[in-house]
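Data first, discussion second: the structure below is written as structure tokens.
The values are calculated or read from the model by the stated rules, or taken from the named source; none is laboratory data. Since we're looking at a predicted model, the values are computed, not measured. So basically every Cβ, Gly included, is an ideal-geometry build from the backbone, and we count neighbours across all protein chains shown.
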Amino acid sequence: MPTLPEPTPTATAAGQATNPLTDSVIAAAVDNAIEKAKRQGTSPKAVIGNTPPVEQPGRAAMSGKAVDDTVRIIAFGGTTFLTCGGVALVMVTSEVADPTAIGTFFGGLAVLALAVARLLHRAGQAAPTEIHQTYTGDIYQDQRNVQNKNIGAFVKNTNQQ
């Protein structure tokens, strides 16, 4: 009959401390698995390694609003260029292109462009900003109304709920 080796115990004996090296190896393996799961998640672009992202050639990354504004600026500039070029071409071919007429025309366009820009700027300030809030857990909203009453040269504030 062959001789079998003695079985080694898999659990620590009562009263003995666990091996800290084994615990640290297990903890590192668990942390590594968690990090790997975070990186590979459900997103189509998995992050590999801890190298920071590198700017790619081409158009720089911008927000949606910045992209929309860029397209508007390019379109407005092209429209202005074509309009001014067409009018200048008509003036030159009709032999009415004197410096006063050209200066008045382009000055008027500049004033009009500045007025439109100022109007758009004011309209942008009047629009309320979008606020996106995400809550997790229980939410408590305090909806108290406070009425202030200020009377006299030396004002005493009394807030009543």
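At a glance:
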read-out	value
Qualifying residues in region 61-90 (those that are over 40 Å from the mean Cα position of the chain (by Cα) and free of Cβ contacts under 8 Å to residues at least 12 places away in the same chain) - the one nearest to GLU130 (Cα to Cα)	GLY86
Pairs with Cβ under 7 Å, 6+ apart, first in region 32-60 and more than 30 Å from VAL71 (Cα to Cα), second assigned to a loop (DSSP other than H, G, I, E, B) and modelled with pLDDT under 75	ARG39/ALA46; ARG39/VAL47; ARG39/ILE48; GLN40/ALA46
Filter result (in a helix (DSSP H, G or I) and either loosely packed, with under 10 Cβ neighbours inside 10 Å or modelled with pLDDT of 75 or more (or both)) within region 39-73	GLY64, LYS65, ALA66, VAL67, ASP68, ASP69, THR70, VAL71, ARG72, ILE73
Some residue of region 117-128 being free of Cβ contacts under 8 Å to residues at least 60 places away in the same chain, assigned to a loop (DSSP other than H, G, I, E, B) and out of contact with any Pro (no Cβ under 9 Å at 6 or more places or on another chain)	yes
Residue in region 80-101 that is farther than 30 Å from LYS36 by Cα, at pLDDT below 75, surrounded by 11 or more Cβ atoms within 10 Å (Cβ to Cβ) and not β-branched (Val, Ile, Thr) present	yes
Breaking point among (1) modelled with pLDDT of 75 or more; (2) surrounded by 10 or more Cβ atoms within 10 Å (Cβ to Cβ), for THR22	(1)
